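Just below is one structure, and these are the notes that go with it.
The values are calculated or read from the model by the stated rules, or taken from the named source; none is laboratory data. Every value quoted in this text rests on a predicted model; they were computed, and no experiment measured them. Heads up: the accessible areas ignore ligands, DNA and RNA and are worked out on the full protein's heavy atoms, side chains in. Shrake-Rupley method; radii C 1.70, N 1.55, O 1.52, S 1.80 Å.
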Amino acid sequence: MKLMALQLLLWYSALWAVQEATPLGPASNLPQSFLLKCLEQVRKIQADVVVMQERLCATHKLCHPEELVLLRHFLGIPQAPLSSCSSQALQLTGCLRQLHDGFFLYQGLLQALAGISPEVAASLDVLQLDITDFATNIWQQMEDLRMAPALQATPGPTPVFTSAFQRRAGGVLVAANLQSFLELAYRVLRHLAEP
């Protein structure tokens, strides 16, 4: 019974990723320098996430996020959408907002992981700084193009971890969600950077 529930949850997770990976619409008029910098930042953050995942795996033997799917739902760890970026009719303003809001969401989730463990603290700090920098760059570009909303997004509820294990498992799950988000963001930005 538990195996069927786990398989169903994994199937839904895979379905979410497929829905988010639909073809993109036409490219944008964003400055090429901005897009190239964003692509570089995504690669840097992806590397930061890998470092954090490796440390969680080596230190706490939490190596497989798919084994923690049920805990993801229990802890209420959200996934950031990029639906405005992946539809046939790409909505540039909506896409930039979702990118910014997604990074803002992950800033809050990473802050909730504070105190995860001394072995992971340094990589968590670097990851938070890089995500903050990227979110700031996107917001600045939105302001430059007069696409920024009047107010920045406010942080939503963050998970409450009641034990060291939940915090560490939450770290694995947040890193896995962030890695999926980054893969989609990279794909979108690469498409936008094409001539």
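Over segment 29-98, with the other protein chains present, what is the accessible area per residue in square angstrom, probe 1.4 angstrom?
Spelled out: the 1.4 Å probe surface of segment 29-98, per residue, equals 52 Å².
Ignoring everything but the protein chains, give the 1.4 Å probe accessible area of F165 in square angstrom, nearest 10.
110
Keeping the other protein chains in place, figure out the carbon and sulfur percent of the accessible area of segment 106-163, with a 1.4 Å probe. Don't jump to the answer; show the numbers that get you there.
Numbers: 1750 of 3090 Å².
Of all accessible area on segment 106-163, carbon and sulfur atoms account for 57 percent.
Which shape class, rounded, prolate or oblate, goes with segment 60-195 when its Cα gyration tensor gives a ≥ b ≥ c as root eigenvalues, a/c under 1.5 marks rounded, and past that a/b bigger than b/c marks prolate?
Prolate shape, in that a/c is at least 1.5 and a/b is the bigger ratio.
Which value, in Å to one decimal place, does the Kirkwood hydrodynamic radius take for segment 117-195 when every pair of different Cα atoms is included? Present the calculation step by step, with values, prior to reporting the outcome.
Working: mean 1/r = 0.0657 Å⁻¹.
Over segment 117-195, the inverse of the mean reciprocal pair distance is 15.2 Å.
Report, to two decimal places, the Cα Rg of segment 48-94 normalised by 2.2 N^0.38 Å (N = number of residues).
Dividing the Cα radius of gyration by 2.2 N^0.38 Å gives 1.66.
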